[in-house]
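Colleague: The structure under discussion is supplied below as structure tokens; questions concerning it will follow.
The values are calculated or read from the model by the stated rules, or taken from the named source; none is laboratory data. Since we're looking at a predicted model, the values are computed, not measured. Note: ideal-geometry Cβ built from the backbone for every residue, glycine included; neighbour counts use all protein chains shown.
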């Protein structure tokens, strides 16, 4: 068996493990799946910054509130639908 030199932190973890300070997670497979989905969602979402007139943003926020969505969610939905050719914009 190969032995590794443990760091001070790793030694403390090993000591706590032997002392029974760690307990198994109930439904381990479900928890692993849940955290994997959270991690994947984080990788999928990106932050976008852009400039918009304050008055335009306030109108957009007001309209999104009327349909019951946070304005960020509505903006994301609009971009998604535009990307899937659900509507077009004439310039």
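Colleague: Given the criteria surrounded by 10 or more Cβ atoms within 10 Å (Cβ to Cβ), modelled with pLDDT under 90 and out of contact with any helix residue (DSSP H, G or I) (no Cβ under 7 Å at 6 or more places or on another chain), does residue 88 qualify?
Modeller: no
Colleague: Right, here's the next one. Restricted to segment 34-58, and to residues that are in a loop (DSSP other than H, G, I, E, B) and at pLDDT 90 or above, which residue is farthest from the chain's Cα centre (by Cα)?
Modeller: Among those residues, the one meeting the criterion is 53.
Colleague: Within segment 59-91, which residues are part of a loop (DSSP other than H, G, I, E, B) and within 23 Å of residue 44 (Cα to Cα)?
Modeller: Correct list: 69, 70, 84, 85, 86.
Colleague: Are there any pairs, at least 6 apart or on different chains, whose C-beta atoms fall under 8 Å, with the first in segment 1-26 and on the phi < 0 side of the Ramachandran plot and the second assigned to a loop (DSSP other than H, G, I, E, B) and surrounded by 10 or more Cβ atoms within 10 Å (Cβ to Cβ), and if so, which?
Modeller: 14/6; 16/22
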